[in-house]
Amino acid sequence: MQRRQFFSYLLASATSLLALPAVAAKVRPLVMGIFPRRNIKLTYKLFTPLADYLSQQLDRDVVIETSKSFSDFWTNIKQRRYDIVHFNQYHYIVSHQYYGYDVIAVNKELGSTTIAGSLIVRKDSGINKISDLRGKTILFGGGRRAMQSYISATWLLRQGGLNAGDYIERFAINPPNTIISTYFKRADASGSGDVVMQLDNVRQRIDVSQLKYLAKTEPMIHLPWAVSHSLSAELKHKLQTVLTTLSSNTEGKEILKLANLNALVTAEDSDFNAHRKIVADVYGNDYGISALE
């Protein structure tokens, strides 16, 4: 009887276990990559509230990652590490074509959904036209994949008659540092997006009234947010909805304010055709992949 009771107990236990609800496998966090427009500490400060809000709205953890340099950031793009990405426009163009990312929104900053590439000099530099930069040192922010501060700025130089070798090319780790260095006369000019001189972390460190825009491109669509092809259509749509409705609720407005944004606005791939033209003019029809990879 004891043996029969023992086997009956085992059978009952097994049956009870089978009757228990299955434990759901933990869903991996979504990784939100932020390109190194600013330094790492400031990037986390600006965008952690957004990541927390997305986690709440999606009922799924969202974690931020950024990099010290554009090169490190681009390595992660090539490895398709990010599910959600805040790109510069060049990153988006190439990642859409080669690595499977689709734009869902763009920034609205300082009241505008557009941004221009620019060349900036000191007012007292004696530099009044692009040809005056011949033989001068120009500082570009973020490397050769930086859309506004390198590619668009280089396009302006080409339009002004200067080619590679006509000036000294140097690089800073990010666009704000180019402007700050130009202010302190460590370079003769800087390549930058036209909004960078208006950023708090620049205006708090230098007197921007001592600087001027030497040249600008036409305004083009602002910095994009994109998602990986690997995400479901449902999740992509939900992400787009959450991001582009931030400005319509009190909590969202506060998150945008903390990130120095007015809103995130719905965008589509064709919005970046003007950027594609500039990139092709500077790098050729493969967008520089053969030279930069």
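If you scan segment 166-192, which residues turn out to be touching a residue at least 60 places away in the same chain (Cβ under 8 Å), under 26 Å from the mean Cα position of the chain (by Cα), part of a loop (DSSP other than H, G, I, E, B) and crowded, with 18+ Cβ neighbours inside 10 Å?
Listed by number, the list holds a single entry, Asn174.
Ala226 passes all but one of (1) assigned by TED's automatic domain parsing to the domain that holds Val121; (2) in contact with an Asp or Glu (Cβ under 8 Å, 6 or more places away or on another chain); which number fails?
(1)
Given the residues Gly100, Gly135, which is the only one that is of a type in the set (Gly, Ala, Ser), surrounded by fewer than 21 Cβ atoms within 10 Å (Cβ to Cβ) and under 25 Å from Leu235 (Cβ atoms)?
Gly100
The values are calculated or read from the model by the stated rules, or taken from the named source; none is laboratory data. All values derive from a computational prediction rather than experimental measurement. Here Cβ is always computed from backbone atoms with ideal geometry, including for glycine, and neighbour counts include all displayed protein chains.
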